[in-house]
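**Student:** Before we start, here is the structure in question, set down as structure tokens.
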Amino acid sequence: MFRAIKYSLSLVAALTANVSFGAWDDLNMSPGATQLSQEIFGLHMTVFYVCLAIGISVLLAMAFILFKYRKKEGVKPADFDDSTALEITWTVLFALILIVLAVPATSVMIKAYDDQEGDINILITGHQWKWQYEYIEDEVGFFSNLSTSLDKRNNLAPKDENYLLEVDEPLVIPTNTRVRFLITANDVIHSWWVPDFAIKQDAIPGFVNTGWTYVNEPGVFRGQCTELCGQYHGYMPIVVKAVSPEEYSTFIRDKKEAKIQQALLTEKLWSTSELMEIGEGIYQKNCVACHQIGGRGIPPVFPSLVGSEIVMRNKARHIEILMEGVQGAAMASYAEQLSEVEIAAVITYTRQAWGNAETGDGKIVIPKEILDYKTNKL
Amino acid sequence: MSAVIDSHHDDHHHGPAKGLSRWLYTTNHKDIGSMYLWFSLVMLFIGGAMAMVIRAELFEPGSQIVSPEFYNQMVTNHGLIMVFGVIMPAFVGFANWMIPMQIGAPDMALPRLNNLSFWILPVAFGILLSTFFMEGGAPNFGWTFYAPLSTEYAPPTVTFFIFSVHIMGASSIMGSINIITTILNMRAPGMTLMKMPLFVWSWFITAYLLIAVMPVLAGAVTMMLMDIHAGTSFFKAGGGGDPVLFQHIFWFFGHPEVYIMILPAFGIVSHIIETFSRKPIFGYSSMVYAIASIALLSFVVWAHHMFTVGMPIAGELFFMYSTMLIAIPTGVKVFNWLSTMFKGSLTFETPMLFAIAFVALFTIGGLSGIMLAIAPADFQYHDTYFVVAHFHYVLVPGALFSLLAAAYYWIPKWTGKMYDETLGKVHFWMSFISVNLTFFPMHFVGLAGMPRRIPDYAMQFADWNMMVSVGAFLFGISQLLFLFIVLKCIYNGKAATTEVWEGAKDKGFEWTVDSPAPYHTFSSPPSMESLKSSS
């Protein structure tokens, strides 16, 4: 409450005095990190100042009229009700102001709509409620999830600077390179927004939209999903890390190696406890949003996994659901999102946890089975 | 004609029926107008309570009182109720009460249709609100219900929502037919179209907008119904459908809808400013042409709500230019209001205070509208709190303030009693301060990057959000005071004169009948001569 009063006062100060105050960042758009974002910022400020000037003139004129022509004894009101000359004058004036605004707006628009190919092309796919990034030329990719802990969100731990704006794995792009983003979605409409790049493009199932950027200096840039996409819409941030081209090549090489390592893991012999351990982590990250922490879901929209017939006794169907998703329901396919090991682990985890092992058949699933499923499908 | 009147001679003398049946079976425009107004006041408090839940959740960062899922239900239903359950029915209520009285007609042209168009509204909202008690919860996809979130991924209650929207649409269309028919056929002799009061003009144009676009909305929800239950793929990308098509259809309805919620306000504010300036309205015909051109332009600007869907650049530019054009007629209106006050003899009773605040704050909403029209800059504004600030500035200190102004302006004529002027002014100043405290800082958090429709936010937005919440709670409390003022006026107000406001007698037919207005007015049409100013 005290803070609110304090800030009410600072608002009054900000509105009445022509001062430059320290908290400008909290009040205005950021100029951003690219040439395009700076041009859009410049356009925003131009339009803002024009609107501010109009607004102040109108309000001052109004204040003057209200004061000057308040009812006074013995003063008779005028009775004019028209002036064609005056009306034509201000109509023309409005039109001129609009033309002045339309010219720079058009030129910035044309620059923003440059959709030539990039030196690097990245496919961005929105999922409920995470972003998937795939480097098209290098054929590597990953998912990027919110990494802020539930404790912080539930006010059980102190929040820090990047609360709700941090992810487990940021998108990495090189500086001084034209990067083009191809933006789409897998389920509902999302929108990929990084204010510092001035890119906001809707991610729409069945469409591929484009955006591009050219970052000069290394840095970390944060944004959020900006199209209502379901209950966790507020929890799918975007973090982009711009690094030097050398660092970027190292990043891509590591990604490629990790991909090969992942594939080898399916050959390894796995114990139930190893799978359970990995599976619990995967469950926490990918499944709790719908199926909840205790696995009981929110029926009827999100079914309970506890005591479920499929989870207890139908291993084949269980694998199939994870691999294909469920038509007409929120359950998506995880075949692309998770590795064979991860899928096997999370299936094993749900079949073992919450007493499912005791009431059901308790069968575990090993990574090889997932690989076989994929191979048989081909 | 005279034979008809004679055979119903007795009707003119008995008053309303007694008890509940008066309200259920009434065909009287005043009774129906009152029901519309009470209905929208009740919905204002329901929709307002939802806003309070939203602001309580956003008071501080972190999860506070509701789940993200319930938060989305609040956001969705707050929007739906305020748009379809408060602003629209309230304007229809004023239309019912005032159009017959302003044009010198005894009642609406189609009184039974009038009864039906009101009574299906509580049914529609009963259906909508009942979804809160159903499995899967109430609609949670935003009042704009974009597919496929509202189709493939919607809770099962979406079907009830669709049915409810159909009924609301039917009610609006019937109401509009009635208003157009009344205005075209029942004006007093000598009242040509260009002599009609501006409130009548604004509703005449609004009614055409409603007839044009409510069927489009009905089409959109019907396609959703088909996608959900009949296996079609209008909006289903997986079946070859087009999710963006939904947005085009929705906003082809949605943008005219925005003006449906503001054009009658232009009419109301014109009357109030004219009365309390003790001067005729400046530029009557340009006011009419401005309303008409805003209405026409509203059909060709819809995709400015969709600058980020990936339209071709020609589309972006077309919708940017057409949207900017709307600033011209809107600016004309603001300047006309200022010129009406210029060299007047102004007094500041509560209706005038709300009308002046309307002009000032609607101007702010209009200017942020110009900023939003600039397509490349809109890439940064779109779907942030900047947009939330913009449309609340035009809808709350815009449409809602005009409704409050109209209530204070005409309630003495309806009840025959004056409201408490001191309390009215307290209500005004509380509303004026809190509305700005609530919605002005939203510009800042929006520009700084806070997306709309999120249940929790990053630390940098914390301070402004707390201030917004405090403002919102204050605004909510202020409206309870309004309810008290209305009740006090009805039960305990001082008697009002026929004229009510100084010099109002030649401002319109409604000020020539007794206060309270008799149950049946103008059984014989009044003469335009009676409005000739004596000055």
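Readers should treat all values here as calculations from the given coordinates under stated rules, not as data from a laboratory. Just so it is clear, the model here is predicted, and its values are computed rather than measured. Ideal geometry is used to build each Cβ from the backbone, glycine not excepted, and the neighbour counts take in all protein chains shown.
**Student:** Report, in cubic angstrom per residue, the convex hull volume of the C-alpha atoms of segment B:30-225. The partial results should precede the final answer.
**Tutor:** Values: hull volume 23.2 nm³, N = 196.
Taking the convex hull of the Cα positions in segment B:30-225, it is 118 Å³ per residue.
**Student:** Mind sorting A:R180, A:R317 by how few other Cβ atoms lie within 10 Å of their own Cβ, fewest first? Let's see the in-between values first.
**Tutor:** Numbers: A:R180 19, A:R317 12.
The most exposed by this proxy come first: A:R317, A:R180.
**Student:** Once you have the Kirkwood Rh of segment A:202-359 from its Cα pairs, apply Stokes-Einstein at 4 °C and 1.567 mPa s and quote D in µm²/s.
**Tutor:** Details: Rh = 18.5 Å.
Approximately 70 µm²/s, per Stokes-Einstein.
**Student:** Which value results when the Cα radius of gyration for segment B:262-496 is divided by 2.2 N^0.38 Å? Intermediate results must be reported in sequence, preceding the final value.
**Tutor:** Numbers: Rg = 19.5 Å, N = 235, 2.2 N^0.38 = 17.5 Å.
Normalised Rg, Cα atoms only: 1.11.
**Student:** Say each of B:T181 and B:L113 gets a label point 7 Å from the Cα, pointing the same way as Cα to Cβ; how far apart are those two points in nm?
**Tutor:** That separation, rounded to one decimal, is 0.3 nm.
**Student:** In nm, give the distance between the simple-model label positions of B:F133 and B:K494, each being 7 Å from the Cα along the Cα-to-Cβ direction.
**Tutor:** Inter-label distance under the simple model: 4.6 nm.
**Student:** Would you kindly calculate the translational diffusion coefficient of segment B:130-235, applying Stokes-Einstein with the Kirkwood radius from alpha carbon pairs, for 25 °C and a viscosity of 0.890 mPa s, and quote it in µm² s⁻¹ without decimals?
**Tutor:** On the way: Rh = 16.0 Å.
Answer, rounded: 154 µm²/s.
**Student:** Another question, if that's okay. Take every residue in peptide A:71-80, count the Cβ atoms of other chains within 10 Å of its Cβ, and give the average of those counts.
**Tutor:** Values: counts 9, 2, 0, 0, 3, 4, 12, 8, 7, 7.
That works out to 5 on average.
**Student:** What is the mean projected area of the alpha carbon convex hull for the protein assembly as shown, to one decimal in square nanometres?
**Tutor:** Details: hull surface 162.1 nm².
So the Cα hull casts an average projection of 40.5 nm².
**Student:** Take A:V75, project a point 7 Å from its Cα along the Cβ direction, then tell me which residues of segment B:345-364 have their backbone nitrogen under 12 Å from it.
**Tutor:** From segment B:345-364, the list is B:345-347.
**Student:** Peptide A:193-205: average number of partner chain Cβ atoms within 10 Å per residue? Walk me through the numbers on the way to the answer.
**Tutor:** On the way: counts 8, 1, 6, 1, 1, 4, 3, 10, 4, 11, 1, 9, 10.
Counting other chains' Cβ atoms within 10 Å and averaging over A:193-205 gives 5.
**Student:** Provide the three semi-axes, in whole Å and in decreasing order, of the ellipsoid equivalent to chain B as defined by the square roots of 5 times the Cα gyration tensor eigenvalues.
**Tutor:** The three semi-axes for chain B are 38, 26, 24 Å.
**Student:** Can you check how the C-alpha radius of gyration of segment B:306-346 compares to 2.2 N^0.38 Å, as a plain ratio?
**Tutor:** Working: Rg = 17.2 Å, N = 41, 2.2 N^0.38 = 9.0 Å.
Compactness ratio reported: 1.90.
**Student:** Now a separate question. Relative contact order, percent, of chain A when contacts are C-alpha pairs under 8 Å separated by at least 6 residues? Before the final figure, lay out the partial values.
**Tutor:** Details: 563 pairs, mean separation 45.9, N = 378.
With pairs under 8 Å counted, the relative contact order is 12 percent.
**Student:** Kindly put B:M35, B:M528, B:M442 in sequence by how many other C-beta atoms sit within 10 Å of each C-beta, fewest to most. Present the calculation step by step, with values, prior to reporting the outcome.
**Tutor:** Working: B:M35 21, B:M528 16, B:M442 25.
Fewest to most other Cβ atoms nearby, the residues stand as B:M528, B:M35, B:M442.
**Student:** Between A:T84 and A:T272, what is the label-to-label distance in nm when each label sits 7 Å out along the Cα-to-Cβ direction?
**Tutor:** Here the answer is 9.5 nm between the modelled labels.
**Student:** Would you mind calculating the gained length between B:K195 and B:A230 on full extension (0.36 nm times residue separation, minus the Cα-Cα distance), in nm to one decimal?
**Tutor:** Gain on extension, B:K195 to B:A230, equals 7.4 nm.
**Student:** Taking 0.36 nm per intervening residue step and subtracting the Cα-Cα distance, what contour gain separates A:V100 from A:F67 on full extension? If you can, show how the numbers build up before the last one.
**Tutor:** Details: separation 33, 0.36 × 33 = 11.88 nm, distance 3.31 nm.
Separation in residues times 0.36 nm, less the Cα-Cα distance, equals 8.6 nm.
**Student:** I've got another one for you. Mean 1/r over all different Cα pairs, inverted: what Kirkwood radius does segment B:296-412 give, in Å? Before the final figure, lay out each step's value.
**Tutor:** On the way: mean 1/r = 0.0636 Å⁻¹.
Value: 15.7 Å, from the Cα pair sum.
**Student:** Return the long-range amide H neighbours of A:V140 (sequence gap of 5 or more, or a different chain), with a cut-off of under 5 Å between placed amide H atoms.
**Tutor:** Excluding prolines and chain starts, which carry no amide H, the hits are A:Y135.
**Student:** Output the Cα-based Rg and Dmax of segment A:247-293 in Å, rounding Rg to one decimal and Dmax to a whole number.
**Tutor:** Values for segment A:247-293 (Cα only, Rg and Dmax): 14.8, 39 Å.
**Student:** Can you pull the mean other chain C-beta count within 10 Å for peptide A:162-170?
**Tutor:** Mean partner-chain Cβ count within 10 Å for A:162-170: 3.
**Student:** Oh, and also: Please provide three numbers in whole Å: the alpha-carbon extents of chain A along the principal axes, with the largest listed first.
**Tutor:** 98, 49, 39
**Student:** Could you give the C-alpha radius of gyration of segment A:41-141 expressed as a fraction of 2.2 N^0.38 Å, taking N as the number of residues it contains? If you can, show how the numbers build up before the last one.
**Tutor:** On the way: Rg = 26.2 Å, N = 101, 2.2 N^0.38 = 12.7 Å.
Output field value: 2.06.
**Student:** Can you work out the FRET efficiency for the pair A:K363 and B:A49, with r the C-beta to C-beta distance and R0 = 56 Å, to the nearest 0.05? It would help to have the intermediate numbers written out before the result.
**Tutor:** On the way: r = 51 Å, r/R0 = 0.91.
After rounding, the FRET efficiency stands at 0.65.
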